[in-house]
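The values are calculated or read from the model by the stated rules, or taken from the named source; none is laboratory data. From a predicted model like this one, the values you see are computed outputs, not experimental measurements. Quick reminder, even Gly has a Cβ in these numbers, built from the backbone with ideal geometry, and neighbours come from all protein chains shown.
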């Protein structure tokens with residue numbers, strides 16, 4: 001049997017708690033003590049047991065991740081980035097999915113399922129009620145929001161207002177003034193949600209260009225491909241005069257492109273389409289888009305959780321930039 005943490009502590013003349021802190025690189029250990037512990041551990045060929053380390057520290061080495069979806073592009077990429085970062089640091093991920101309806105109804109978060117099972121919580125693109133946020137705060141664990149989240153908590157997100165500004169200004173510069181929009185959800189009115197931010201910024205950008213924000217030019221697609229199809233069909237039925245469509249996600253834009261193709265409308269000669277996200281299929285289908293780095297946001301959220309576990313100070317708002325990627329789906333207004 002190999003040497004244990006008690007053996008290292010006796011040989012180094014320190015407590016087992018000091019050995020644990022020194023080996024994990026935690027603060028409040030004198031540098032000469034840390035050096036001695038590391039030397040003794042190496043001499044005794046001590047290899048800490050992950051389970052024993054968790055018991056000694058009171059940690060589970062698991063991070064809870066709450067999300068409404070694993071299939072949508074944004075959520076899938078954020079989860080991949082977060083999980084990769086956490087696993088490289090020796091942490092597992094406990095995933096909790098919430099089936100959110102088009103009216104934003106879902107089951108409430110049960111913090112009892114998280115208590116004593118996780119060391120921190122990542123909330124991914126899931127608008128929460130004030131009572132749910134209070135319940136999460138009572139867990140007294142590091143808490144980071146990715147996407148939707150209030151400024152009172154640590155939040156990682158893209159610049160949603162800038163994405164709508166870029167998209168609308170791109171279409172206006174091409175001469176479009178009758179611009180249909182596919183928003184995410186009429187029911188998502190939470191102040192700090194991406195859906196609300198994008199909708200508000202689009203309205204402001206249209207107003208700045210002297211274009212009325214006509215409600216008949218807005219439909220809702222729930223950030224999904226099928227939702228985009230239905231919204232595009234309703235837009236064309238109600239307003240056949242539109243010359244461009246701004247879909248607030250690439251997946252909704254893909255659905256809109258299918259409807260336009262089915263109706264024999266040429267893109268961009270008769271109607272232009274732009275989305276948001278930077279989906280990996282955009283190059284293939286030629287979709288103009290405002291791109292974000294979703295995986296990097298997942299990595300940043302996970303890194304913040306890890307830093308908070310060590311007691312390190314972190315910024316409360318990590319804002320990721322966006323960039324316009326024009327392709328062949330947008331062109332000058334017809335005629």
**Filtered residues of the stretch 197-218 (kept if closer than 15 Å to residue 162 by Cβ and surrounded by 13 or more Cβ atoms within 10 Å (Cβ to Cβ))** = 197, 198, 199, 200, 201, 202, 203, 204, 205
**Asked** Here are some conditions: (1) buried (at least 20 other Cβ atoms within 10 Å of the Cβ); (2) at negative phi; (3) in contact with a strand residue (DSSP E or B) (Cβ under 8 Å, 6 or more places away or on another chain). Residue 293 meets all but one. Which one does it not meet?
**Response** (1)
**Asked** Is there a residue being in the same structural domain as residue 266 (by TED's automatic domain parsing), in a loop (DSSP other than H, G, I, E, B), out of contact with any strand residue (DSSP E or B) (no Cβ under 9 Å at 6 or more places or on another chain) and surrounded by fewer than 20 Cβ atoms within 10 Å (Cβ to Cβ) anywhere in the stretch 305-315?
**Response** no
**Segments classed as helices (runs of 4 or more DSSP H), wholly inside the stretch 102-218, with at least 1 members that are touching a residue at least 24 places away in the same chain (Cβ under 8 Å), farther than 30 Å from residue 267 by Cα and within 19 Å of the chain's Cα centre (by Cα)** = 130-138
**Prompt:** Say we look at the stretch 316-335 and pick out the residues that are in contact with a strand residue (DSSP E or B) (Cβ under 6 Å, 6 or more places away or on another chain) and farther than 30 Å from residue 259 by Cα; which of these is surrounded by the most Cβ atoms within 10 Å (Cβ to Cβ)?
**Reply:** 318
**Message:** Taking the criterion of being closer than 21 Å to residue 170 by Cβ, in a helix (DSSP H, G or I) and over 21 Å from the mean Cα position of the chain (by Cα), would at least one residue in the stretch 219-232 satisfy it?
**Reply:** yes
**Request:** Considering only the stretch 175-197, state which residues are at pLDDT 95 or above and touching a strand residue (DSSP E or B) at 6+ places or on another chain (Cβ under 7 Å).
**Result:** 176, 179, 180, 181, 182, 183
**Residues of the stretch 233-251 classified as assigned to a loop (DSSP other than H, G, I, E, B), touching a residue at least 24 places away in the same chain (Cβ under 8 Å) and more than 20 Å from residue 199 (Cβ to Cβ), total** = 2
**Request:** Quickly run through the stretch 252-304 and pick out the residues that are farther than 15 Å from residue 233 by Cα, in a helix (DSSP H, G or I) and in contact (Cβ under 8 Å) with a residue 60 or more places away in the chain.
**Result:** 294, 295, 296, 297, 298, 299, 300, 301, 302, 303, 304
**Request:** Look through the stretch 89-124, keep the residues that are at pLDDT below 85 and in contact with a helix residue (DSSP H, G or I) (Cβ under 6 Å, 6 or more places away or on another chain), and return whichever of them is farthest from residue 193 (Cα to Cα).
**Result:** 111
